[in-house]
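Inspection log for the structure reproduced underneath, given as structure tokens.
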Amino acid sequence: MRIITYTNADGLSTVISNVAPFVLTKLTGFEAAKNNVYTSKNVLQDGATATGSSLDMAERTITGLMRADTATELEERRRYLSRAFTAKADGTLQYECGNLTKTCTCKVETLTFGDIIINTQAFDIVLLCPNPFWQDTSESISEIAEWIGLFHFPLEIPAAGIEMGYRSPSLIINVNNPGDVPCGIRIVFTAIGALTNPSLLNVDTQEYIKVKKAMVSGEQITITTHFGNKKVYDLLDGVTTRILNLDLNSTFLQLAVGENLIRYNADSGIDNLECKIYYSPQYLGV
């Protein structure tokens, strides 16, 4: 069974499935968006040379039937859909089928109703998705230099005391991107003591991003590398500041499809550095 859940900017959620009152009959545009291939052509060249490609925005249409017991109830449900799918409003679309659940952000383009036949009325909802990719319902996270807990029950405390946990000695982690295309990441550097110039390196490509800054205990630096959202923020004593002091050869790292070997580092005080990587794999269709 396919289940569509749309949640608008006000938090109002609407479920469209094979169960009344809003019955799903057809989905259009839920597969991969159109791929635009860019080419160049020289004089006397046969064919053309492909220079790149990009996906169009996705237009996704939900077609269904609205059912009611009375004409008054049908009118109420029509008003409800009009309120839930307000034109031009932002929203989140969630698709479920079996064990598969994916989401995307969208805007309502149109909502239209068909003729009424015995307290049943067809509807079409057209959603425009500027970002054509589907994503998981929550971010994935990979931790480097994480703390491993040793506390467990039953608990026996010897005279010499017990070890509550230890810091993972690994500086490298394998981050898997199960999506269909490369994706940006959100890097969070946290200082548990003094350190300088934290960095993150892609071992396979040797690309890296490095913040040229001394950090003190409790300070946190967040880097986002997503397309259209490349930023670096510093958080200290509850105050967030945007900073620009990156190493000149830095790259806003992307996760390739599949496995990515990632290493963290610092010019000094590396034992005082904790690093987490957040990412949302992107899928072409559902």
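Descriptive notes on the structure:
- Equivalent ellipsoid of the range 188-277: semi-axes from √(5λ) of the C-alpha gyration tensor, largest first, are 21, 15, 11 Å.
- Proximal lysines to residue 26, defined as alpha-carbon separation beneath 26 angstrom and excluding residues fewer than eight positions away on the same chain: 34, 88, 102, 107
- Relative exposure of 192, 223, judged by other C-beta atoms within 10 Å (fewest first): 192, 223
- Cα radius of gyration and Dmax for the range 235-286 (Å): 15.4, 46
- Net charge of the neighbourhood of residue 138, taken over other residues with C-beta under 14 Å away and scored Lys/Arg +1, Asp/Glu -1, is 0.
- Each of 15, 126 was scored by other Cβ atoms within 10 Å of its Cβ. Listed from fewest to most, they are 15, 126.
- Largest-first principal axis extents, alpha carbons of the chain, Å: 78, 75, 35
- Cβ-to-Cβ counts within 10 Å put 1, 66, 57 in ascending order as 1, 57, 66, the fewest first.
- Taking a straight Cα-Cα cut-off under 14 Å and skipping sequence neighbours fewer than 8 places away in the same chain, the aspartates and glutamates within cross-link reach of residue 210 are 234, 247, 267.
- 10 Å Cβ shell holding at most 14 others, DSSP loop, trypsin sites (Lys or Arg not before Pro): longest site-free stretch of the chain: 89-286
- Exposed-site-free run, longest, the chain (rule: GluC sites (Glu not before Pro); DSSP loop; at most 16 other C-beta within 10 Å): 32-138
- The chain: relative contact order as a whole-number percent, Cα under 8 Å and 6+ apart: 18 percent
- The relative contact order of the range 1-148 comes to 25 percent, based on Cα pairs under 8 Å that sit 6 or more residues apart.
- Considering only 38, 80, 208, the Gaussian network model of the chain with Cα springs below 10 Å gives its largest mean-square fluctuation to 38.
- Interatomic Cα distance distribution for the range 52-106, bins of 5 angstrom, percent: 4, 12, 17, 19, 18, 14, 9, 3, 2, 1, 1, 0
- Across the range 222-233, rounded Karplus estimates of 3J(HN,Hα) from the backbone phi angles (6.51 cos²θ - 1.76 cosθ + 1.60, θ = phi - 60°) give 10, 10, 10, 10, 6, 4, x, 8, 9, 9, 10, 10 Hz, Gly and Pro being marked x.
Laboratory data are not the source of any read-out in this text; all were calculated from the coordinates shown. Only a predicted model underlies this, so the values are computations on that prediction, with no experimental measurement involved. Every residue, glycine as well, gets a Cβ built from its backbone with ideal geometry; the counts of neighbours run over all protein chains shown.
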